[in-house]
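These notes concern the structure reproduced below.
The values are calculated or read from the model by the stated rules, or taken from the named source; none is laboratory data. Predicted, not measured: the structure shown is a model, and the values here were computed from it. Using ideal geometry, Cβ is built from the backbone for each residue, glycine included, and neighbour counts are taken over all protein chains shown.
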Amino acid sequence: MTIKSLTSKTFVAQFDQPQTVIDPDNLGADLAKKLGDLGISPADLKKIAGADGRLRSSADFKKLFALVDRFDGAADKRLALTDGSKAPTVAGQLNQALLDEVKTNLGFAQYATGSLRVAKQPELKVIANALVVDPKDQMPAVSLPMKGLDQTVYGPPLGLDGQEACMRTAVAQAEQYLAKALGRNAPTLNPHNDSIQVAYAEDDDGRIQPDAAQLKLGRDYIDKSLDVGYPVVIGVSYGTHVENHDKLTEHFVTIHKRGYDKDGRQFYEFKDPGNSGATGRLYVDKDTGKLFKEGDHKSGYVVSLDYELTQVRTWKGLE
């Protein structure tokens, strides 16, 4: 008898493609039913999805394999898709439903990878757009004494072009601080495909269109990280370059502070590798919740440009 089966490696390989997403909050009817029939809930999927709330990475799908492996009759590290008569097993039907779900999600804008253009978005200004929070509703201020680094100095000794070393330098800012503060207990950064992808499209000026659910997750994650003493590496957009994985992020900075200005506007301060490690400030748009920096536009350098949050990198163990 011939029984078609998958190992963990071959199962994961099916989903190793750009824009692969299983979203527990928006499951298709067929997949939701098949999962429900097997006693798997959206909450179970969220547990293996990590901080971003979606299954996207190879690590996520490896955990999913372990979850569904038992439904072919034996938890033997091999998923039987058909039985001896070549009829689909329960596990085989579920596997097909997962593949169909991924294919369907390719057609939804919120799961896109930055190739989408949207209508012109508002140019956000601190005075007009920043969220003002009543003192009784303000969160405690957090200020981590993290040193800023200059990407043009940090990058070249590592063989990196200093003009393109913002991500590595932003990560180094956080890692160096955490190593000093926590020693061996310092967390490590998750891979890029475990980031919380806030933006899914942008206009011709690089102003982003956020996914509301992911934006909330991202902002909550920033607060949670700061509250436990972790800086936060984030991606921002200031144009329409497509070199990074999400096709939206032009630059990376590291948030180290949360507070409120004299007028009650909530802000997050960051160290900017593209500005010699100097401090910049993001505010919260009162209408959308987007994090933004208002530039002065005096030059074409990053210090003068507008920034909008695109993604939040996550730490292992802080889900």
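Looking at Gln121, is it under 24 Å from Arg219 (Cβ atoms) and assigned to a loop (DSSP other than H, G, I, E, B)?
yes
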Considering residues of the range 194-206 that are outside any strand (DSSP E or B) and under 12 Å from the mean Cα position of the chain (by Cα) only, the residue farthest from Lys286 (Cα to Cα)
Asp194
Look at the range 276-293 and say how many of its residues are farther than 17 Å from Tyr260 by Cβ and either in contact with a strand residue (DSSP E or B) (Cβ under 9 Å, 6 or more places away or on another chain) or charged (D, E, K, R) (or both).
5
For the range 159-170, which residues satisfy the criterion of being buried (at least 18 other Cβ atoms within 10 Å of the Cβ) and among the hydrophobic types (A, V, I, L, M, F, W, C)?
Ala165, Cys166, Met167, Ala170
Evaluate the range 217-231: report whether one residue or more is in the same structural domain as Glu250 (by TED's automatic domain parsing), closer than 28 Å to Asp25 by Cα and in contact with a Gly (Cβ under 6 Å, 6 or more places away or on another chain).
yes
Considering the range 207-265, residues that are of a type in the set (Phe, Trp, Tyr) and part of a loop (DSSP other than H, G, I, E, B), and then whichever is nearest to Met167 (Cα to Cα), we arrive at Tyr238
If Lys271 satisfies all but one of (1) within 30 Å of Ile48 (Cα to Cα); (2) in contact (Cβ under 8 Å) with a residue 60 or more places away in the chain, what's the number of the condition it fails?
(1)
Selected residue (only one of Phe71, Phe61 is outside any loop (DSSP other than H, G, I, E, B) and modelled with pLDDT under 90):
Phe71
Residue within the range 283-292 that is farther than 14 Å from Pro231 by Cα, out of contact with any helix residue (DSSP H, G or I) (no Cβ under 9 Å at 6 or more places or on another chain) and modelled with pLDDT of 95 or more present
no
Pick from Ala97, Ala186, Ala181, Ala109: which is farther than 25 Å from Arg281 by Cβ and surrounded by fewer than 16 Cβ atoms within 10 Å (Cβ to Cβ)?
Ala109
Quick one: Pro156 ticks every box in (1) modelled with pLDDT of 95 or more; (2) surrounded by 11 or more Cβ atoms within 10 Å (Cβ to Cβ); (3) under 30 Å from Val284 (Cα atoms) bar one, so which box is it?
(3)
Determine if the range 256-272 includes at least one residue that is over 20 Å from Pro140 (Cα atoms), in contact with a Leu (Cβ under 8 Å, 6 or more places away or on another chain) and either among the basic types (Lys, Arg) or surrounded by fewer than 21 Cβ atoms within 10 Å (Cβ to Cβ) (or both).
yes
Considering only residues that are closer than 23 Å to Ala80 by Cα and without any contact (Cβ under 8 Å) to a residue 40 or more places away in the chain, which ones fall in the range 18-36?
Ala32, Lys33, Gly36
Flag for Ala278 being closer than 27 Å to Pro145 by Cβ, of a type in the set (A, V, I, L, M) and assigned by TED's automatic domain parsing to the domain that holds Gln138
yes
